[in-house]
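The values are calculated or read from the model by the stated rules, or taken from the named source; none is laboratory data. None of these values were measured; they are calculated from a predicted model. Neighbour counts run over all protein chains shown; Cβ positions are idealised from the backbone, glycine included.
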Amino acid sequence: MSKEVNILYISMDGMTDPLGQSQVIPYLKGLRKLNYRFTILSFEKKDRFQKNKDIISKILSEADIQWEPLIYTQSLPIFSSIKDLFKGYRKALQIARDIKADIVQARGHHLACMMAMHVKNKTAAAFLYDMRGFWPDERVDGGHWNLKNPVFKAIYTFFKKKESQFFKHSDAMITLTYAAKDYLNTHYGIGEKITVIPCAADLEHFQPAKESDKEVLKSRLNLNDKYIFNISGSIGTWYLPEKMLDFFKVATEEIPNAHLLLVTLDDSTSFLDYARSIGISEDKITITSSSRAEMPVFYSISDAAIFFIKAVFSKKASSPTKHGELLGCRIPVICNGGVGDMNKIMSERHTGEIMEELNEQNFREALKNLLAANYKAEDFSEVAKSYYSLETGIKSYDKAYKICLNKL
């Protein structure tokens, strides 16, 4: 592309947040090389901004990306959102006019989309709806909005109407999964303006660890000669820790040296309470935490990973980054269906076991298949590159931007 394309990128997630650093900046750095010039308008958490602003500013400056951070208002929920919305309206429109934006891209959150729609209506910019999920439904499914409460019911209804407007008036859309794309086309007839881009995993970082590093970590955790099941990251909100422990209880009956390695920063008190209540001995469980730098080693010492996620409506649009990381490290996963594209991905190559119903019979069948499997390294690599590589994602974003430019 010879002419530079000016893009205003609006995100309610801060660039100083871990999500901004892993799921926004790497993409924009790669796309900058394709002649897309970005100005980021982000809403930063005050404490993280103060701690990390210099580091992030340097990274973005070196990549020739402009950054216009605003401080996210953390006070009364509804009033703080209204304050941020109007603050964002003014700032977004000012930036769009200053840079003569060709495209305004809103990442996920409906407040960011409302700002982008405001820019679209006031300028010649095309609107790219970078949908990260069914946000109002996530608030309900995650237990944040109780629809029996008339206030939350009114807020939910308001944002669902806004969501329909974003579907209709956006010039291009991005969704994380083919399951979400199929749903949107079935119920809204959106058509070919949707591009599917799953969450990227850093496949240069998440690779099989060296044997020497694995031996050191196993010795440190006293896990030599164990068959290790890994659970990592969050065990709250969207995850099913009790079902994961039910599975592990069955695994201890089938595999005498089975051991559960829980790598998390979450409070594990209720996790251990439930484990004891179903007869899992505490010496069968190791709970620890890890830096990002060492996570590939924690994955690599594992024989399999377990993650069971609530199969609720909003999870149709979910793309678990953890799956890409595990594939990169060539670790088979034990998971449930009904979440994003997991059924599709798991059916293409043999990289683990998937269950539709989480019950004892299926647990035993999955364990039988796991122990009998002859996994191939190339299957893990191919699936990881096809769905979770940054390079694939950058090419797909380029396609979405071209759809927008064709509408101008």
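So, of the residues in the stretch 396-408 that are part of a helix (DSSP H, G or I) and out of contact with any Leu (no Cβ under 9 Å at 6 or more places or on another chain), which turns out to be nearest to G324 (Cα to Cα)?
Going through the qualifying residues, I end up with S396.
Out of the residues in the stretch 316-347 meeting the condition of being on the phi > 0 side of the Ramachandran plot and more than 14 Å from the chain's Cα centre (by Cα), tell me which one is surrounded by the most Cβ atoms within 10 Å (Cβ to Cβ).
R330
If you go through the stretch 340-371, how many residues are assigned to a helix (DSSP H, G or I) and in contact with a Gly (Cβ under 8 Å, 6 or more places away or on another chain)?
3
Here are some residues: V24, V104. Which one is aliphatic (A, V, I, L, M) and over 20 Å from F159 (Cβ atoms)?
V24
Identify, please: which residue in the stretch 382-408 is of a type in the set (S, T, Y) and surrounded by fewer than 18 Cβ atoms within 10 Å (Cβ to Cβ) and is, among those, nearest to L245 (Cα to Cα)?
Looking at residues that are of a type in the set (S, T, Y) and surrounded by fewer than 18 Cβ atoms within 10 Å (Cβ to Cβ), I get S386.
Having 3 or more residues that are surrounded by fewer than 19 Cβ atoms within 10 Å (Cβ to Cβ) is the bar; report the strands (runs of 3 or more DSSP E) wholly within the stretch 201-315 that clear it.
285-288
Kindly evaluate I231 against the criterion of being at pLDDT 95 or above and either out of contact with any Lys or Arg (no Cβ under 9 Å at 6 or more places or on another chain) or not assigned by TED's automatic domain parsing to the domain that holds H144 (or both).
yes
Identify, by number, the condition in (1) farther than 21 Å from D398 by Cα; (2) at pLDDT 95 or above; (3) surrounded by 17 or more Cβ atoms within 10 Å (Cβ to Cβ); (4) of a type outside the set (A, V, I, L, M) that K58 doesn't meet.
(3)
Show the residue pairs meeting these rules: Cβ distance below 7 Å; 6+ apart or different chains; first residue within the stretch 80-99 and assigned by TED's automatic domain parsing to the domain that holds F38; second residue surrounded by 13 or more Cβ atoms within 10 Å (Cβ to Cβ) and of a type in the set (D, E).
K91/E68; I95/E68
Take the residues in the stretch 167-202 that are free of Cβ contacts under 8 Å to residues at least 24 places away in the same chain and either in contact with an Asp or Glu (Cβ under 6 Å, 6 or more places away or on another chain) or hydrophobic (A, V, I, L, M, F, W, C) (or both); name whichever of them is nearest to Y9 (Cα to Cα).
If we take residues in the stretch 167-202 being free of Cβ contacts under 8 Å to residues at least 24 places away in the same chain and either in contact with an Asp or Glu (Cβ under 6 Å, 6 or more places away or on another chain) or hydrophobic (A, V, I, L, M, F, W, C) (or both), then I194 is nearest to Y9 (Cα to Cα).
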